[in-house]
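Below: one structure, written as structure tokens.
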């Protein structure tokens, strides 16, 4: 039975601290650090940060941390470095050194009475024994770890111990004791609700109950997990982010067996009233039936998922389900229903966008009213200060009083009049600005909708085309329309109405192209590197069309006969210039093919837009194809 190794969990646990700072910033701090305990912790953090990039560098830095700790007599630092080093050495596959490092850490902890580190060390030794198929020794060290944590006064850390015990009992086939330990671990994580701890444990228990086919308990934990994950998601339940990973099917499982399991799970969700899990499972059932060719069943499942998502407030997921129903009807060549459900999808999308606009408008209104109230309070404060000044002058002389009162009244009248005029003008300006921003968002929204309608019409029209070349032209035209629609979608959904974030746009564009050409991401990988935070619309629209052509060309021609390869897209901003490189490691093209390529409509479009951007265009043909654009003076 598959189980998350405790070794990997402890690696992730230690990495949580290193992720707070980037490797670059840690290196800068290390350069300035003195030979003291602070440097030990910096080397530890760097070592764990490098674990995800270069294991050899990670191990080297952790060894330096251990050596420096020993030189300084900093025993706590030595134990910490040894434990982290043991984790990485174990991952690299050196069990003997791993055991040696843990033994050294244990001896130092016992000698100096470090109960905090004793619990962690015992638990790591227990994990080593478990991996070496020594269950009795593993349980013995788990008991020592539990006792050390209690003596240190940190009962909470024993959730790791209970989870490890559950793993050991599960491997022995003692399901009753395994479940008891899972429940004890859940009792502890439920007290503090630390996200990385509680979420990990719930996910682990989900897997365990799934493998046991205990659907009642599985349904209960599933609902807890989905609700817990929602607490960290400002957009709502967040089930799309984790949809599909809560079902642990064997990779060779048939569609029929998957459907049977999902129906059994649905029955428990309905019995327990777990609406969030029910919506999630119906959606996966729709996907499974669709993959298995049962289009009618998939339609019913997606419709049920959409209705449930509306009930629980997941409108964006409801929109996705409506789109799936439309596509299923289209596959069945039931075009009236396909169009009707596509209109429903568009209506839901529009309602979501309208809610977003209304929210922004309400926020602007609140800011305006707050500013207005602050101005009135300031004005009242000025009046009170002026009145106080007048009363002080009263004590000097009657004549001075009269003069001061007249002067103060005159000043207040002038100030009041000026403030009122200024407030009125500011109100007019604020209202006009809000209206113009709202209008501009609406324009971008309508442009995006019109482009999507054009894309949908091209897609529907292509269903009646049998000529492959004409079909390809239709697809290319649709992709170009999509590349522009994505830009207008980002514009009306964000606060900045004049520029767009490049990285998300590039990701959406390339994903759309992979879907359009039905590319398996395991066959052709995409690697992107973006160092250009935002670009103005006048630059991004032609740039997006250029990217569309170059990536499309690579996907269509660079990897024939199911060839495996990679397409790399790099976009960097250096010294007021933008550098775009699109490169593949495909078959390239012969000299006569190069002439044909450069005279094609797509490449003519690339050259036209490059000229519009005043960009320098270069094409290199070797082991694959490389196209480079240098665009000067980019905003």
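Extension gain for residue 275 to residue 576 (0.36 nm times residue separation, less C-alpha to C-alpha distance): 103.1 nm. Between residue 596 and residue 187, the simple label model (points 7 Å from Cα in the Cβ direction) yields a spacing of 7.4 nm.
On full extension, the segment bounded by residue 92 and residue 334 gains 81.6 nm, given 0.36 nm per residue less the C-alpha separation. Computed extension length for residue 250-residue 467: 74.0 nm, one decimal, from 0.36 nm per residue of separation with the Cα-Cα distance subtracted.
Shown here are the Rg and Dmax of the Cα trace of the stretch 545-590, at 12.5, 42 Å.
In this structure, residue 131 and residue 37 have a Cβ-Cβ separation that, at R0 = 35 Å, corresponds to a calculated FRET efficiency of about 0.60.
Highest mean first, the peptides 200-206, 177-183, 329-335 sorted by other C-beta atoms within 10 Å per residue fall in the order 200-206, 177-183, 329-335. Distance between the pseudo-spin-label points of residue 517 and residue 75 (7 Å out from Cα toward the beta carbon): 6.4 nm. Sorted largest first, the principal axis extents computed over the alpha-carbon atoms of the stretch 500-632 equal 40, 31, 23 Å.
So what's the gap between the Cα centers of the stretch 153-229 and the stretch 282-350, to the nearest angstrom? Between the Cα centres of the stretch 153-229 and the stretch 282-350 lies a distance of 34 Å. Per q in 0.14, 0.21 1/Å, what log10 I(q)/I(0) does a Debye calculation on the alpha-carbon atoms of the stretch 213-332 return? The calculated log intensity ratios at q = 0.14, 0.21 Å⁻¹ are -0.56, -1.23.
We did not get these values from a lab; they are worked out from the coordinates using the rules stated. Just so we're clear, the structure is a prediction, and the values are computed from it rather than from any experiment. Because the Cβ atoms are built from the backbone with ideal geometry, glycine has one as well, and the counts that use them run over all protein chains shown.
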